[in-house]
Each structure stands twice: as structure tokens, then as C-alpha cells.
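Asks: Questions regarding the structure given below will be posed in turn.
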Amino acid sequence: MLFLYSIVTQIVQFLLPIFGFFSPKMKLFIDGRKTVFGTLEQKINSSDKTIWFHAASLGEYEQGLPVMEKIKEKFPNHKIVVTFFSPSGYEVRKNNSIADATVYLPLDTKSNAKRFLKLVHPEMVFFIKYEFWPNYLNELKKSNVTTYLISGIFRENQAFFKWYGGFYRKALKTFEYFFVQNESSKKLLQSLGFQNVKISGDTRFDRVVAILEKDNSLDFIANFKDNKTTIVIGSSWPKDEELLINYINQSSEEIKFIIAPHNIKEAQISNLKTQITKKTVIFSEKNNLDLSNFNVFIIDTVGILTKIYSYADIAYVGGGFGNPGVHNLLEPATFGIPIIVGPNYSHFAEATALVHQEGCISINNQNELNEAFDNLISNEDIRHEKGHICETFVQMNKGATQTIMSHIQQ
């Protein structure tokens, strides 16, 4: 079966350049992999001791970051190699400060896996949350490299738990230990005979708790806020913005709005601005302006949303009107802010929990959005109560990184 899988993967690798002509994202996916082996040859010497972390995309990278930081602290003489599968992760974090080499993961062919592991020669490997590449795992097992899964999630509909999933079940035998997020994942692995499983929780909680210890100040945001009630809209999509724009346009002049869209292409930012009737400024055009004179601030850059959340009185997190659903709620939650989201959130455990605990409000339409905002704006006690629920939820779920590190250091 591994032989057939490898043939299919090689065919895919051969055909991918054709798709690159039709998709800019696919072109990044293809072109970025052309330099991987050359980069590794330059940055990793045969005498180096290395530890490898693999993240599918940006969310998994952020999830694994607390463990990366502790590993770097514990093993200061090792080089850290970070790989991404997706351009949306690599392009944002390719210049991170934690890794000595950050590259795309070459496609999972047998030859790629052998060449990659020969260049990296890791002593330890961490796969974050998911992505199980059979050829890489097979080569790691053959080389007796200690391999961990951290913040793992398993579901009944995955191939491992189907009658035809023997090929994938075999790949799981590579892992020295599974650190999973919940009881159901542990039980599913145990049903396959794996006892090397521990519920550690989700390392994302540790990451967002650590944010509180950093300097989150942004003078230009403080100037814009001007001590007024401020709603921060993070990672919004057009379907979110349709409702939000209607609310913004009829809102009080005493309310400030900061919008950080998921897509920051110039055309979309321009279109968003033209639909807003309030006095609006864009981040890239803010120089030499008194931002306190504006009602709406559109952020057309990346990397500062987390700090912006620290200035929010209320947060709206986008994506809840799309598939798979809402974006990361934990960043605003750690600052003790009440959160509003769209209806599609059930795929994410933290969103489901916060809605159930009433720290987060899920809305389905314009009327519900208007009512949620109005209630939170007009009633400071409710706002603080829901914010406290969010903050407590984050604090109660921290500790996954320590669980993982305690095991590794045994």
C-alpha cells in the first residue's frame, strides 16, 4: 500500500506545476519547495544537532510555538528546523525568530523523505495537531528517531478508524508518544491498541496566556481609541462585513471600530472603505493624521491583531458565516473581552465551550448582531461578566506545554 501511495504522490508532484499556472497560491506552494534542499544544505551542517517541528499552516505553528520556545530553552545547542505544508503558514512566518531554518515540507515521496531527513538528521521530531505523512513517518521509524504528536486531535471519521485504514494505522506506530487535546481522542487511539497517550490539552492556551506577559501597547491604537468604547473586528470575511457595515453605519459617534480583515488585498480594502459612511482611516495611510478624529480604522497589514485586541472592549471574530467556521477566539479571550461570532463555530472546541459558558455570543443574522452589540455597549456589567468568563476559560486550560515538557525531560 505504501508503494502505491508513493507512486500517486510522485504523479501529483509531476502534475503540480500545471496547476501553478491557474492559482497564485498553488504557485507559491510549488515555487517555495524548489529551494528547500538548497536552504537546508546552507543552514544545517552534518555535525549539527537538530530538532524538527512540522506545522500544517499558521494556526498549527502558533499552537506549537510554546513547545518550540521551551525546547529551544532546554536544548540551546540544537538547531531548530520548522516546516510548513501550506503557503498561508510559511509566507507569514518564514522569518520567525525561533527557528534556524524555516522551509516548506517537500511532498511526501519516498525520495523526498529520505533526502530531507538526511539533511536535517533530527534527534527529535514534533508533529503539531495533525498531518500524518506516511513516507516521512516510515523513514523516521526506520531511523529510530523519537517522534511526538502534540496537541493532537482524532475524530471517528478519520481513515485510522475505518476498515480500510490499516495503511494509516501503521504510520501511527512511528510516534513515541501522543499528547492529545481531549478524552475522545485518547479513547480513539486506545481503541487501536495505543496506550502511549496522554491528555495534555491544547498548547494554544499557553501561547495566548504568554501574550499577557508581553508589551502589547500600540501608541497609534491608543490615539485612535481616545478612551472611547472600541469594538475590534478580527479576521472578517465579506459575509461578516455585510452585517457589520450596516451596524457601523448606524452606530453612535461615541463608538470606535477597528477592522482587521482576513483578506488585506488592496481592492478588498478599498471596497470595504467605500461602503462605510463613518469617518474611516486605513493603516497604510495613517501617517501624520490625528487618528482620534476617525470612527473606523481598517488594518491592512498583518502581525498586530493580537496587540490590537488588548485595546478592545468588545471583539467580533470573523469566519463564522463560512466553512469550516470561526477564526481564533483565544487571542481576544485572553484579554478578558466578550466575543461575538457567526453561527458556524461547532468545529472548534474552544468556541463551542465559550458559547456554552456564555462568554461568547453566536449570532445568525443582522437583528441578532445588532442586539448583541447594543446590549454589550449599553451594559458595562454584562460586558465585564462575559469578558471574565472568557479570561477564566483561558486560564483554566493552560498547562499543556508543561505536561509535554515534563514527559520529555523524564
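Asks: Kindly check whether there is at least one residue in the range 80-88 that is more than 20 Å from Asp206 (Cβ to Cβ), in a loop (DSSP other than H, G, I, E, B), modelled with pLDDT under 95 and touching a helix residue (DSSP H, G or I) at 6+ places or on another chain (Cβ under 9 Å).
Replies: Taking the range 80-88 as the starting set, the residues that turn out to be more than 20 Å from Asp206 (Cβ to Cβ) are 81, 83-88.
When the remaining residues are screened for being in a loop (DSSP other than H, G, I, E, B), the result is 85-86.
If we keep only those that are modelled with pLDDT under 95 too, we end up with 85-86.
Those left that are additionally touching a helix residue (DSSP H, G or I) at 6+ places or on another chain (Cβ under 9 Å): 85-86.
Yes: one or more hits.
Asks: Do you know which of the residues in the range 195-239 that are of a type in the set (Asp, Glu) and in contact (Cβ under 8 Å) with a residue 40 or more places away in the chain is surrounded by the most Cβ atoms within 10 Å (Cβ to Cβ)?
Replies: Asp206
Asks: I've got another one for you. Taking the stated definitions as given, is Val355 under 28 Å from Ile199 (Cβ atoms), part of a helix (DSSP H, G or I) and free of Cβ contacts under 8 Å to residues at least 24 places away in the same chain?
Replies: Answer is yes for this residue.
Asks: Looking at the range 287-302, which of the residues that are open to solvent by 40 Å² or more (accessible area, probe 1.4 Å) and touching a residue at least 12 places away in the same chain (Cβ under 8 Å) is farthest from Ser217 (Cα to Cα)?
Replies: Of everything passing the filter in the range 287-302, Asn293 is farthest from Ser217 (Cα to Cα).
Asks: With modelled with pLDDT under 95, among the aliphatic types (A, V, I, L, M) and either within 30 Å of Glu69 (Cα to Cα) or crowded, with 16+ Cβ neighbours inside 10 Å (or both) as the only criterion, which of Val326, Val355 stands out? Full working, then the answer.
Replies: On the way: Val355 fails: modelled with pLDDT under 95.
Exactly one of Val326, Val355 is modelled with pLDDT under 95, among the aliphatic types (A, V, I, L, M) and either within 30 Å of Glu69 (Cα to Cα) or crowded, with 16+ Cβ neighbours inside 10 Å (or both), namely Val326.
Asks: Right, another one. Can you name every residue in the range 70-110 that is open to solvent by 70 Å² or more (accessible area, probe 1.4 Å) and within 16 Å of Trp133 (Cβ to Cβ)?
Replies: The one that is open to solvent by 70 Å² or more (accessible area, probe 1.4 Å) and within 16 Å of Trp133 (Cβ to Cβ): Lys110.
Asks: Return only the number of the condition from (1) within 19 Å of Asp374 (Cα to Cα); (2) among the polar types (S, T, N, Q); (3) open to solvent by 40 Å² or more (accessible area, probe 1.4 Å) that Ser310 does not satisfy.
Replies: Just one mismatch for Ser310, condition (1).
Asks: Continuing with this model, one more query. Check Gly32 against each of (1) modelled with pLDDT under 85; (2) open to solvent by less than 30 Å² (accessible area, probe 1.4 Å); (3) of a type outside the set (D, E, K, R); (4) not in a helix (DSSP H, G or I) and name the one condition it does not meet.
Replies: (4)
Asks: Only residues that are of a type outside the set (Ser, Thr, Tyr), surrounded by 14 or more Cβ atoms within 10 Å (Cβ to Cβ) and either touching a Pro at 6+ places or on another chain (Cβ under 8 Å) or within 28 Å of His121 (Cα to Cα) (or both): list them for the range 161-186, please. Write out each step before concluding.
Replies: Taking the range 161-186 as the starting set, the residues that turn out to be of a type outside the set (Ser, Thr, Tyr) are 161-163, 165-167, 169-173, 175-176, 178-183, 186.
If we keep only those that are surrounded by 14 or more Cβ atoms within 10 Å (Cβ to Cβ) as well, we get 161, 165, 167, 169-172, 175-176, 178-182, 186.
Selection gives Phe167, Arg169, Lys170, Ala171, Leu172, Phe175, Glu176, Phe178, Phe179, Val180.
The values are calculated or read from the model by the stated rules, or taken from the named source; none is laboratory data. The model shown is predicted, which means the values in this text are computed figures rather than measured ones. So basically every Cβ, Gly included, is an ideal-geometry build from the backbone, and we count neighbours across all protein chains shown. Please note that ligands, DNA and RNA were not included when accessible areas were found on the heavy atoms of the full protein model with its side chains. Shrake-Rupley method; radii C 1.70, N 1.55, O 1.52, S 1.80 Å.
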